[in-house]
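Novice: Just dropping this structure here.
The values are calculated or read from the model by the stated rules, or taken from the named source; none is laboratory data. In this text, all values refer to a predicted model and were calculated from it rather than measured experimentally. Using ideal geometry, Cβ is built from the backbone for each residue, glycine included, and neighbour counts are taken over all protein chains shown.
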Amino acid sequence: MKKVGIMGGTFNPIHIGHLILAQRAMEELSLDEVWFIPTGCSYMKKDSVDVLSGQERLEMVRLAVQDNPKMKCLDIEIKRNGYTYSYETLEQLNRENPDTAFYFIFGADCLFSIEKWKYPERIFDSCTIAAAVRNGASVDAMEAKIAELKERYGADICLVPFPNLEISSTDIRERIRLGKSVRYLLPENVLAYIEEKRFYR
């Protein structure tokens, strides 16, 4: 079967940390592709006031991955009405791609919160979890949590080694607001798009 990584998120904006994680997961797990799926209306970010529209975030992701044939951007959550949930997206992807095994890529810290997500059992039924573990993180705690999730949900979870990169979308937005440089923190074409549209100012 084809092996595809899924990276969801607000991507407000997408930055090189996201891209490096996608590339690292592709290599570590022998993935054929990684698909980026910007959230539509996320129930987890419903009170955020500085989240750009779905179309604007989608365009930034499209620009960020356009030169990599093994990465692509999907608009399925942007087009969905109401709140978007990971279990719905993963189930839709499985229906539409029956010949594909999906790997849901996220930070290892999500292992400790995923049971609070909407229908976590349906997420585990729909994919393999690929959790990015940073240098110096407590692998023992993560492995204990993985064992717990496997026992409770039958979850298939693997760890992806990932270097410490202190880059965040929140910091990038704040630097732009303060007039500081964000060069090298995100792709040049994404930066050009942000500057053209005067986002986050």
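Novice: Is there any pair linking a residue in the range 95-109 that is in contact (Cβ under 8 Å) with a residue 60 or more places away in the chain and buried (at least 21 other Cβ atoms within 10 Å of the Cβ) to one that is among the charged types (D, E, K, R) and outside any helix (DSSP H, G or I), with Cβ under 9 Å and at least six apart or on different chains, and which?
Specialist: Once the first residue is in contact (Cβ under 8 Å) with a residue 60 or more places away in the chain and buried (at least 21 other Cβ atoms within 10 Å of the Cβ) and sits in the range 95-109, its partners that are among the charged types (D, E, K, R) and outside any helix (DSSP H, G or I) give Phe102/Lys3; Tyr103/Lys3.
Novice: Before we move on, is Ile129 within 20 Å of Ala25 (Cβ to Cβ), without any contact (Cβ under 8 Å) to a residue 60 or more places away in the chain and assigned to a helix (DSSP H, G or I)?
Specialist: Details: within 20 Å of Ala25 (Cβ to Cβ): yes; without any contact (Cβ under 8 Å) to a residue 60 or more places away in the chain: yes; assigned to a helix (DSSP H, G or I): no.
In short, no.
Novice: All but one of (1) in contact with a Ser or Thr (Cβ under 9 Å, 6 or more places away or on another chain); (2) farther than 30 Å from Arg175 by Cα; (3) hydrophobic (A, V, I, L, M, F, W, C) hold for Leu31; which doesn't?
Specialist: Here Leu31 clears every test but (1).
Novice: I would also like to ask the following. Name every residue in the range 84-109 that is farther than 26 Å from Glu143 by Cβ and part of a helix (DSSP H, G or I), in order of residue number.
Specialist: Hits for the range 84-109 are Glu88, Thr89, Glu91, Gln92, Leu93, Asn94, Arg95, Glu96.
Novice: Of everything in the range 154-196, what is among the basic types (Lys, Arg) and farther than 20 Å from Gly9 by Cβ? Give them in sequence order.
Specialist: If the condition is that a residue be among the basic types (Lys, Arg) and farther than 20 Å from Gly9 by Cβ, then Arg177, Lys180, Arg183 are the ones that fit.
Novice: Another question, then. Residue check: is Val61 within 14 Å of the chain's Cα centre (by Cα), closer than 17 Å to Val190 by Cβ and of a type in the set (Val, Ile, Thr)?
Specialist: So Val61 passes the test.
Novice: Taking Met1, is it among the hydrophobic types (A, V, I, L, M, F, W, C), under 25 Å from Ala131 (Cβ atoms) and modelled with pLDDT under 95? Lay out the reasoning, then the answer.
Specialist: Working: among the hydrophobic types (A, V, I, L, M, F, W, C): yes; under 25 Å from Ala131 (Cβ atoms): yes; modelled with pLDDT under 95: yes.
Answer is yes for this residue.
Novice: For the range 110-121, give me each residue that is surrounded by fewer than 17 Cβ atoms within 10 Å (Cβ to Cβ) and either part of a loop (DSSP other than H, G, I, E, B) or hydrophobic (A, V, I, L, M, F, W, C) (or both). Reasoning before the result, please.
Specialist: Pass one, the range 110-121, residues surrounded by fewer than 17 Cβ atoms within 10 Å (Cβ to Cβ): 110, 112-113, 115-119, 121.
Answer for the range 110-121, where residues must be surrounded by fewer than 17 Cβ atoms within 10 Å (Cβ to Cβ) and either part of a loop (DSSP other than H, G, I, E, B) or hydrophobic (A, V, I, L, M, F, W, C) (or both): Cys110, Phe112, Ser113, Trp117, Lys118, Tyr119.
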